[in-house]
Amino acid sequence: MKPRFKSILSLTALAALQLLFVLPYFFSGALAAEATGAFGPAPVLAAGDYPKVTGVNPRMFVWMAAQMHLWFAAFVLAVPIFVLLLEVVGVIRKEKRYDKVAYEFLRVSLTAYSITAITGGLLLVGLIVFYPDLMKYLSSIFGSTMLLYALFFFVESAALYLYYYGWKPMSSGGLKWAHIGVGLLLNASGTTLMFIANAWVTFMMTPAGVDMAGVFDGNIWHAVRNHLWGPMNLHRFIANIAYGGSIVAAYAAYRFLGASGDKEKAHYDWMGYTANLVAIGALLPLPFAGYWLTAEIYAYSQQMGITLMGGLFAWLFIIQAVLIGALFLAANYYLWCGFKRGVNGERYLKYVRYLAFVIAATFLVWFTPHTLILTPEEASSLGGQYHPLLGPLGLMPAKNIAVNIMLLFTFLSFLLYRRSHRTPTVKWARAGNAMEAALFTAAIANIIFLGVYYGYFTNSVYKVASSVPQVATTLFVIAACLVIEYLMHRNSETAELKWGRVPDRSQYALFLIAVSFTWLMGLMGFVRSAIRQHWHVYSVMRDNSPDAFTPSIAYAAKTVSVGTIIFMAIVAFIFWLSHMGREGEADE
Amino acid sequence: MRLLKFALTSLFFYLLLKAPGFFWDKPIPSSLVSMYMFFIVITVLLVMTITDEGARGLFAPIRALVEDPSKKLVRNAVFVILPLAAVFLAYDGGGLKATPSELRATHPAPPPLTRGYGKTFDLATLENPFRKIEKEDPEAFKSLVKEGGEVYFKNCFFCHGDKLDGRGHYAHALDPKPLPFTGGDTIAQLQESYVFWRILKGGPGLPREGGSSISAMPAWEKELTEEEIWKVILFLYDYTGNTPRSW
């Protein structure tokens, strides 16, 4: 019990430390407001107002701490969501393997909790040491939510330990449902924590509840429910699930490659598949949540919108598109390699080249830039920076068509994979197949029509709005095909999947997915934050520190890449620790 | 055999990407061809390695080249030719002989505020004062568009062209070339406040990523009145059939 106590104690101490830092700021802000009877304007700072520590670059310190904290937080917020789902599925289906794998997922994430708290502490220290006036201003507005944050941190920690250590003692009867209740509490408190922190971050981008001088109107809800809060909550919530799934899948791949026997290999193959399924399942709606977020950024500020996607950071968006495309390719490759798990898989291998062709073609459209990098000779031939043929592909309507078709074909890969081990026996199987084919064809035609007509032949309001029926088309086809598949495969001839019967190459696809996710989050996190440019709080509180300049794209990409390497190294260490802990338990 | 198939498939796509340059004099930029080819080659590689047999077949010639004792002569030849080719490429300079490529944002972000005519414009809320007349009084609006057209043909058409396609008399002498207003990817993407800022401040007012030092566009605040700028904007949208972005 001692090590458990130790970890609980250390986590509690860290939480208390955070609280200790936050409280004085809360009270100084709140008391100052009470003394004057009103809130003051945002402070106007000079370079000398920013404390300096020799040998430490403040921006780099805060950037790295924030990034590490976000990566770990995303992981530890996501894992309990699908751990809970798996636990419930296990109870309903009365299958122990779900319970086992859920417990293993949770074990993997446990070490990450302490690191999340540590990096959160580091971030807080960095902000208070290097940006005290900004923190003072923010806490004068968000003081009460900061206190709430600390409270929920305690609730989450308590729920986590009860959930993890209570797994075996609370594994049967009514206690199992009580345990599921604890899991629910864990998830609710974790998600609330994220929503609270999102309010601070989005306020810095799209401040609300304050006037042009930054004077707060006193209603905390106005500041919390700022322009980007809703879209950011949704985007991060979905992205976290995808991210958590990808990291756990990478863990399973790591264990698969080191497995000593067929049984162990089969277990980790199944675990990797399940986690990847969660990751890709969450990835499907993610582009749409991201599109909503971006559209809202543009709607709030033309300057931020153009900086984001048409100006300075457009090339980081091309990198983003490349990474997302790579992610889809890897996810599909993993599914294709898995065809051989089923007895019928062989018969679907011949379709892979067509699936790959469509996915690659849409991928190329997805990352085609609008403004091209040209040699002077090329610029002279083209007569400008747009290619007459490729220019339209650089605009969002083309990207929306591409991503929807890419999603549909990824889903098709998944359908074929599911059919690799079963054959429908219902009389209307042929009609069912025809129905699915018709749905896909009609959907693709509709997506292309909506994109081309509303994207290029009407004004920009319709262009943006047309993305909604495009998404609805994709989601409808996915839902309808799943229903048809379910009805078609009731009482079908089903052979057991041969878990473990995949080439090692497929496991590297899982690593690639996890690394791509991490890199993407870092790059896009930087872009989201950097579009504020020289503002701490956009258009309200100016950043006058010596670092108030936008770094070059290369510098930012290198910084994020180094961060990714550090994070992945820590994750590898966590995998190893988790493995070691398990060996220790086995010895007992 | 599979390795040859892999090489030929990749070559086919490469030639396809080069075709617009060969046959139409509209080359796909080499930077983009490199990006496309990188992912095309990877996709072909993925498709050919889904099964163990496929992967073995693809890499068999490479494996044989490295491991097969009977291929010693070929192996040695390849191991000499490859480094020599790398040395030649390094010596030759590859693409370094060409003038460096320009990474220029054609539509860079506008500032939140801009000054002109002795006042400050907030670009987030700035609207074309004549736009509302479009519905209120279509006839009056038409005459405003006509006045905007006169401003255009007295000042802008020399570069941007009589069809607003960016091919005016001076256009061929300029680099970067003037932007066309036709099509759906220039002014159709922008709010009128953005276009106002661009005309007001011209090339010198562009931020650095917009290539302010190379744009020949004058700052029209010295030549045109505020009203004239708004009218010419009406004309640009009206003539090209575009609608200004409203959000």
Q) For the range A:532-546, how many residues are open to solvent by less than 30 Å² (accessible area, probe 1.4 Å) and out of contact with any Leu (no Cβ under 6 Å at 6 or more places or on another chain)? A) 6
Q) Within the range A:361-384, how many residues are open to solvent by less than 30 Å² (accessible area, probe 1.4 Å) and farther than 24 Å from A:ILE324 by Cα? A) 7
Q) In the range B:212-232, which residue that is assigned to a loop (DSSP other than H, G, I, E, B) and hydrophobic (A, V, I, L, M, F, W, C) is farthest from B:ALA109 (Cα to Cα)? A) B:LEU224
Q. Under 7 Å by Cβ, and 6 or more places apart or on different chains, what pairs join a residue from the range A:468-492 that is within 13 Å of A:ASN433 (Cβ to Cβ) with one that is open to solvent by less than 30 Å² (accessible area, probe 1.4 Å) and of a type outside the set (D, E, K, R)?
A. A:CYS481/A:LEU415; A:ILE484/A:GLY432; A:GLU485/A:LEU415; A:MET488/A:ALA429; A:MET488/A:GLY432
Q: Go through the residues of the range A:405-421 one by one and say whether even a single one is facing chain B (nearest Cβ under 9 Å) and either of a type in the set (Asp, Glu) or under 25 Å from the mean Cα position of the chain (by Cα) (or both).
A: no
Q.
What's the total number of residues in the range B:19-37 that are within 18 Å of A:LEU393 (Cα to Cα) and open to solvent by 60 Å² or more (accessible area, probe 1.4 Å)?
A. 1
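Does A:ASN226 satisfy the condition of being buried (at least 19 other Cβ atoms within 10 Å of the Cβ) and either in contact with a Ser or Thr (Cβ under 9 Å, 6 or more places away or on another chain) or modelled with pLDDT of 90 or more (or both)? Show your work before the answer.
On the way: buried (at least 19 other Cβ atoms within 10 Å of the Cβ): yes; either in contact with a Ser or Thr (Cβ under 9 Å, 6 or more places away or on another chain) or modelled with pLDDT of 90 or more (or both): yes.
Criteria met by A:ASN226.
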**Q.** Criterion (touching a residue at least 60 places away in the same chain (Cβ under 8 Å) and surrounded by 20 or more Cβ atoms within 10 Å (Cβ to Cβ)) met by exactly one of A:GLY183, A:GLY209
**A.** A:GLY183
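Go through the range B:106-126 residue by residue and tally those that are within 13 Å of chain A (Cβ to nearest Cβ) and within 13 Å of B:ILE229 (Cβ to Cβ). Before the answer, list the steps.
Step one: list which residues in the range B:106-126 are within 13 Å of chain A (Cβ to nearest Cβ), which gives B:106-114, B:120-126.
Keeping just the survivors that are within 13 Å of B:ILE229 (Cβ to Cβ) gives B:114, B:121, B:126.
Going through the range B:106-126 one residue at a time, the tally reaches 3.
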Q: Would you check which residues across the range A:417-445 are polar (S, T, N, Q) and at pLDDT below 95 and list them?
A: A:SER420, A:THR423, A:THR425, A:ASN433
Q: Identify, by number, the condition in (1) over 25 Å from A:VAL464 (Cβ atoms); (2) facing chain B (nearest Cβ under 7 Å) that A:PHE440 doesn't meet.
A: (2)
Q: Test B:LYS177 against the stated conditions and say whether it is open to solvent by 40 Å² or more (accessible area, probe 1.4 Å), basic (Lys, Arg) and assigned to a loop (DSSP other than H, G, I, E, B).
A: yes
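Given the structure, is A:ALA199 within 20 Å of A:THR145 (Cβ to Cβ), outside any helix (DSSP H, G or I) and either touching a residue at least 12 places away in the same chain (Cβ under 8 Å) or over 21 Å from the mean Cα position of the chain (by Cα) (or both)? If you could, list the steps in order and put the result at the bottom.
Details: within 20 Å of A:THR145 (Cβ to Cβ): yes; outside any helix (DSSP H, G or I): no; either touching a residue at least 12 places away in the same chain (Cβ under 8 Å) or over 21 Å from the mean Cα position of the chain (by Cα) (or both): yes.
No.
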Q | Single match in A:SER561, A:SER552, A:SER529, A:SER516 (criterion: hydroxyl-bearing (Ser, Thr, Tyr) and either farther than 30 Å from A:GLY305 by Cα or surrounded by 21 or more Cβ atoms within 10 Å (Cβ to Cβ) (or both)) | A | A:SER516
Q) Out of the range B:46-77, which residues are more than 10 Å from chain A (Cβ to nearest Cβ) and under 30 Å from A:LEU327 (Cα atoms)? A) B:GLU53, B:ARG56, B:GLY57, B:LEU58, B:PHE59, B:ALA60, B:PRO61, B:ILE62, B:ARG63
Q.
Restricting to the range A:165-179, name every residue that is open to solvent by less than 20 Å² (accessible area, probe 1.4 Å) and assigned to a helix (DSSP H, G or I).
A. A:LYS176, A:HIS179
Q | A:THR458 vs. criteria of a type in the set (Ser, Thr, Tyr) and loosely packed, with under 14 Cβ neighbours inside 10 Å | A | no
Q) Does the range B:129-138 include one or more residues that are surrounded by fewer than 17 Cβ atoms within 10 Å (Cβ to Cβ) and within 32 Å of the chain's Cα centre (by Cα)? A) yes
**Q.** Failed condition for B:TYR237, given (1) farther than 24 Å from B:LYS146 by Cβ; (2) of a type outside the set (Asp, Glu); (3) within 13 Å of another protein chain (Cβ to nearest Cβ); (4) in a helix (DSSP H, G or I)
**A.** (1)
Q. Would you say A:PRO469 is more than 13 Å from chain B (Cβ to nearest Cβ) and not β-branched (Val, Ile, Thr)?
A. yes
Q | Count - residues of the range A:314-351 that are farther than 20 Å from A:TRP270 by Cα, touching a residue at least 40 places away in the same chain (Cβ under 8 Å) and at the interface with chain B (Cβ under 9 Å from one of its Cβ atoms) | A | 6
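Are any of the residues in the range A:136-157 among the basic types (Lys, Arg), open to solvent by 30 Å² or more (accessible area, probe 1.4 Å) and assigned to a helix (DSSP H, G or I)?
At the first step, the residues of the range A:136-157 found to be among the basic types (Lys, Arg) are A:136.
The next check asks that each one be open to solvent by 30 Å² or more (accessible area, probe 1.4 Å); those that pass are A:136.
Within this subset, residues satisfying the condition of being assigned to a helix (DSSP H, G or I) are A:136.
Yes, the conditions are met somewhere in the range A:136-157.
Could we say that A:LEU335 is under 30 Å from the mean Cα position of the chain (by Cα), part of a helix (DSSP H, G or I) and surrounded by fewer than 24 Cβ atoms within 10 Å (Cβ to Cβ) here?
Numbers: under 30 Å from the mean Cα position of the chain (by Cα): yes; part of a helix (DSSP H, G or I): yes; surrounded by fewer than 24 Cβ atoms within 10 Å (Cβ to Cβ): no.
For A:LEU335, the condition - under 30 Å from the mean Cα position of the chain (by Cα), part of a helix (DSSP H, G or I) and surrounded by fewer than 24 Cβ atoms within 10 Å (Cβ to Cβ) - is not met.
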**Q.** Selection from the range A:243-276 of residues that are surrounded by fewer than 23 Cβ atoms within 10 Å (Cβ to Cβ) and closer than 19 Å to A:ASN187 by Cβ
**A.** A:THR274
Q.
Quick check on my filter: what residues within the range B:139-174 are closer than 15 Å to B:VAL232 by Cβ, open to solvent by less than 30 Å² (accessible area, probe 1.4 Å) and assigned to a loop (DSSP other than H, G, I, E, B)?
A. B:CYS156, B:GLY161, B:LEU164, B:GLY168
**Q.** Members of the range B:147-163 found to be under 18 Å from B:ASP238 (Cα atoms) and either within 14 Å of another protein chain (Cβ to nearest Cβ) or among the basic types (Lys, Arg) (or both), listed by number
**A.** B:LYS154, B:HIS160, B:GLY161, B:LYS163
Q) Before we move on, is B:ILE40 within 7 Å of another protein chain (Cβ to nearest Cβ), in contact with a Cys (Cβ under 7 Å, 6 or more places away or on another chain) and surrounded by 14 or more Cβ atoms within 10 Å (Cβ to Cβ)? A) no
Q.
For the range B:180-191, give me the residue count where each residue is part of a loop (DSSP other than H, G, I, E, B) and facing chain A (nearest Cβ under 9 Å).
A. 7
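In the list A:LEU523, A:LEU487, A:LEU510, A:LEU497, which residue meets the criterion of being assigned to a helix (DSSP H, G or I) and open to solvent by 20 Å² or more (accessible area, probe 1.4 Å)?
Matching residue, one of A:LEU523, A:LEU487, A:LEU510, A:LEU497: A:LEU487.
Before we move on, is A:ALA360 small (Gly, Ala, Ser), out of contact with any strand residue (DSSP E or B) (no Cβ under 9 Å at 6 or more places or on another chain) and more than 11 Å from chain B (Cβ to nearest Cβ)? Please lay out each step first, then the result.
Values: small (Gly, Ala, Ser): yes; out of contact with any strand residue (DSSP E or B) (no Cβ under 9 Å at 6 or more places or on another chain): yes; more than 11 Å from chain B (Cβ to nearest Cβ): no.
Against the criterion (small (Gly, Ala, Ser), out of contact with any strand residue (DSSP E or B) (no Cβ under 9 Å at 6 or more places or on another chain) and more than 11 Å from chain B (Cβ to nearest Cβ)), A:ALA360 does not qualify.
The values are calculated or read from the model by the stated rules, or taken from the named source; none is laboratory data. As the structure is a prediction and not an experimental result, all values here were calculated from the model. Reconstructed Cβ throughout: ideal geometry from the backbone, glycine too, with neighbour counts over all protein chains shown. These accessible areas exclude ligands, DNA and RNA; they are computed on the full protein's heavy atoms, side chains included. Shrake-Rupley method; radii C 1.70, N 1.55, O 1.52, S 1.80 Å.
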